[in-house]
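K.L.:
Dropping a structure here in structure tokens format, bear with me for questions.
The values are calculated or read from the model by the stated rules, or taken from the named source; none is laboratory data. It should be emphasised that the depicted structure is a prediction, and the values quoted were computed from it without experimental measurement. Positions of Cβ are backbone-derived with ideal geometry, glycine not excepted, and every protein chain shown enters the neighbour counts. These area figures cover heavy atoms from the full protein model, side chains too; ligands, DNA and RNA do not enter into them. Shrake-Rupley method; radii C 1.70, N 1.55, O 1.52, S 1.80 Å.
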Amino acid sequence: MSLDWQTIAEARSKVAKEIGTVVKDWGGQIPVALAYPNSYYLGMSSLAVQVIYRLFNEQPGIVCERTFFTKGQPISLESQRPLMDFVALAFTLSFEMDYFNLVEMLRRAGIPPLAEERDERHPLLLAGGPCVTANPEPLAPIFDALVIGEGEEVIPTLAETLRREVRAPRLELLRQWAIIPGLYVPRFYQVEYDGLGLKIEHEPFAPHPVKRQWVRDLDAHPTTSVILTDETKFGDMYLIEVSRGCGRGCRFCLAGFSYRPLRERSVDVLLDQAKEGLGHREKIGLVGAALSDYSQIDALTQGLRQLGAQISVSSLRADSLSETLLEALVEGGTKTLTIAPEAGSARLRSCINKDISEEEILEVAQRASRHFPQLKLYFMLGLPGEREEDIVALAHLTQKIKERFSGHLIVSLSPFVPKAQTPYQWAPMAPLPLLEARLRYVKQNLSSIEVRSESAAEATIQATLARGDRRVGSALARTKGKSLPAWKRALARQGLAYEALLEERPHGTLPWKVVDNRVNEEYLWQEWKKGLKAQNTPPCPLTECLKCGACDEAFYEAKRKTVTPAR
Ligand code: SF4
């Protein structure tokens, strides 16, 4: 397959604008392409992509280059080579809807999407990311191996084995990969379906379930920008991950449950990383699931201001927003404050375990009015337990916020999508006509406010992938286009009804039980039941706790070694 000059010129032009690109000689090294099945702009805005790039390139004998979804044949940016030249392609997947792009990327690269149609001439296919960790099954027919958990814990051993076994028959290499903790090699697991139920058999050497791997001590693993370029969402800042995981337990949140437990970096380590970043950018972008929850946020903010840094943050909670942080954001030029009430009524917020009172939300709106020209609110529609009165309450709450906030108000509406490994993994998805009617109601009742919404039809497609099994994966590998009618037809060819995939799942029929996310199923089941009764569960305690199964003795031992000031 010949490459066109425009594609090569575009790749070269992107690299020319970057600082930090790793360009290695291929001689004697194993080439791995880090693939992101969406645009360069989005991929380079992801700290995960940047860190995996650094991790692969740190491994001896490995040269890692990046590739993104473009209009034409995908090539690597660094040396502008076609993907067939690589020994392995490692996909980072953040969103289920990108699965369609990844299949298209493979086709355009001349690589058959189904693993059973590939052989030793083709690159090995790997993938990781939060949706892979939660439910790898719809990707099982496509990939040779899937990373379950955090890359820092799996990639060094994976790369070392690849280096050692690269000349071995492919099956032997995959057998060696299958015994690495956190690496799931689907071909060694046979799955039989009976309706939505399933039976899993596996080779004796292949562990079942495959346990999620996670970093106990974040300080030992820096997670910062690696490549700086203006062609990203965060082009003017140096990104630093402050914390990973979240202890709040919002029942809909995939990231909240897939990255348990909450772990924090120490202030000194973060300030050292910021000093490095300030050599390149004036602004430091702090990344974490809920930055205002970071136990030392004021100390970190003050330290960064003393270094002369401007500050930006990825996410905030309305009930833990300190004045010091607000002032730092204003100083840093932040124009929009974003908060996520998620639901309009206190009852529905209790259902989803988002324990924020209306008073707290209104108080933040009032404070925001003094500092920011724009306030953005995130809400979800179609949540389990949602009633019509909750939608009315959403419109009322927004009106009350508008009375307190004098700037420009934006409401962002997302249809709720049930995700694997969360308490809502059994929940039904709201029917498409109901979602569309509720979206219309909110828009009509907030006609004087800017309301943005995601497509409800696309959300239902996302739900079929998020809770899909290998048959959904077979449909994915064979489909062309991602419109709802095309997707329904592709599912039907595999004997699956789209509507059935959106219904409530009976206990014991979940395809992702091939992986153990470390949060035990009984805990999730109790959370699902509590949600239906609008009962809250308190956040993770500051004391040692083994309640949901995510924390373990090794974690607490690592924690005891670091001195953490009391909150
Ligand atoms: S074991 Fe306890 S502290 Fe750890 S994540 Fe689960 S609930 Fe939170």
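K.L.:
Out of all the residues in segment 87-114, which are farther than 18 Å from LYS482 by Cβ and either open to solvent by 20 Å² or more (accessible area, probe 1.4 Å) or in the same structural domain as SER258 (by TED's automatic domain parsing) (or both)?
P.N.:
VAL87, GLY110, PRO112, listed by residue number.
K.L.:
Being open to solvent by less than 20 Å² (accessible area, probe 1.4 Å), of a type in the set (A, V, I, L, M), away from the ligand (no atom under 16 Å from the Cβ) and assigned to a loop (DSSP other than H, G, I, E, B) is the requirement here; does ALA168 meet it?
P.N.:
The answer is no for ALA168.
K.L.:
Shifting gears a bit: Is it true that ALA11 is open to solvent by 30 Å² or more (accessible area, probe 1.4 Å) and assigned to a helix (DSSP H, G or I)?
P.N.:
For ALA11, the condition - open to solvent by 30 Å² or more (accessible area, probe 1.4 Å) and assigned to a helix (DSSP H, G or I) - is not met.
K.L.:
If you go through segment 403-426, how many residues are in contact with a Phe, Trp or Tyr (Cβ under 9 Å, 6 or more places away or on another chain) and in a strand (DSSP E or B)?
P.N.:
Final tally of qualifying residues: 4.
K.L.:
Considering only segment 358-384, how many residues are outside any loop (DSSP other than H, G, I, E, B) and open to solvent by 10 Å² or more (accessible area, probe 1.4 Å)?
P.N.:
Summing the residues that are outside any loop (DSSP other than H, G, I, E, B) and open to solvent by 10 Å² or more (accessible area, probe 1.4 Å) in segment 358-384 gives 14.
K.L.:
Do any residues in segment 252-280 that are in the same structural domain as ALA340 (by TED's automatic domain parsing) have Cβ atoms under 9 Å from those of residues that are in a helix (DSSP H, G or I) and within 12 Å of the ligand (Cβ to nearest atom), where the two are at least six apart or on different chains, and which pairs are they?
P.N.:
PHE257/LEU524; PRO261/PHE555; ARG263/PHE555; ARG263/LYS559
K.L.:
If you take the residues in segment 260-273 that are in a loop (DSSP other than H, G, I, E, B) and more than 10 Å from the ligand (Cβ to nearest atom), which one is most open to solvent (accessible area, probe 1.4 Å)?
P.N.:
In this case the residue turns out to be SER266.
K.L.:
For segment 539-551, give me each residue that is in contact (Cβ under 8 Å) with a residue 24 or more places away in the chain and under 25 Å from the mean Cα position of the chain (by Cα).
P.N.:
PRO539, CYS540, LYS547, CYS548, GLY549, ALA550, CYS551
K.L.:
State whether the residues of segment 93-114 include one that is touching a strand residue (DSSP E or B) at 6+ places or on another chain (Cβ under 9 Å), under 24 Å from TYR259 (Cβ atoms), modelled with pLDDT of 95 or more and not in a helix (DSSP H, G or I).
P.N.:
yes
K.L.:
Look through segment 229-249, keep the residues that are part of a loop (DSSP other than H, G, I, E, B), open to solvent by less than 20 Å² (accessible area, probe 1.4 Å) and over 16 Å from GLY20 (Cβ atoms), and return whichever of them is nearest to the ligand (Cβ to nearest atom).
P.N.:
Selected residue: GLY247.
K.L.:
Working carefully through the options ASP355, ASP298, ASP319, find the one that is at pLDDT below 95, more than 26 Å from the chain's Cα centre (by Cα), surrounded by fewer than 22 Cβ atoms within 10 Å (Cβ to Cβ) and assigned by TED's automatic domain parsing to the domain that holds GLU527.
P.N.:
ASP298
K.L.:
Can you go through ASP230, ASP236 and tell me which one is without any contact (Cβ under 8 Å) to a residue 60 or more places away in the chain and not assigned by TED's automatic domain parsing to the domain that holds SER13?
P.N.:
Checking each option against the conditions leaves just ASP236.
K.L.:
Conditions first: (1) farther than 27 Å from LEU348 by Cβ; (2) surrounded by 14 or more Cβ atoms within 10 Å (Cβ to Cβ); (3) away from the ligand (no atom under 16 Å from the Cβ). ASP516 passes all but one, so which condition is the exception?
P.N.:
Against the list (1) farther than 27 Å from LEU348 by Cβ; (2) surrounded by 14 or more Cβ atoms within 10 Å (Cβ to Cβ); (3) away from the ligand (no atom under 16 Å from the Cβ), ASP516 comes up short only on (3).
K.L.:
Going residue by residue through segment 446-458, is there one that turns out to be open to solvent by 10 Å² or more (accessible area, probe 1.4 Å), basic (Lys, Arg) and closer than 23 Å to VAL392 by Cβ?
P.N.:
Checked segment 446-458: at least one residue is open to solvent by 10 Å² or more (accessible area, probe 1.4 Å), basic (Lys, Arg) and closer than 23 Å to VAL392 by Cβ.
K.L.:
LEU542: at pLDDT 95 or above and more than 8 Å from the ligand (Cβ to nearest atom), yes or no?
P.N.:
It is false that LEU542 is at pLDDT 95 or above and more than 8 Å from the ligand (Cβ to nearest atom).
K.L.:
Can you tell me which residue among GLU527, GLU522 is in the same structural domain as ARG347 (by TED's automatic domain parsing), within 16 Å of the ligand (Cβ to nearest atom) and open to solvent by 60 Å² or more (accessible area, probe 1.4 Å)?
P.N.:
Exactly one of GLU527, GLU522 is in the same structural domain as ARG347 (by TED's automatic domain parsing), within 16 Å of the ligand (Cβ to nearest atom) and open to solvent by 60 Å² or more (accessible area, probe 1.4 Å), namely GLU522.
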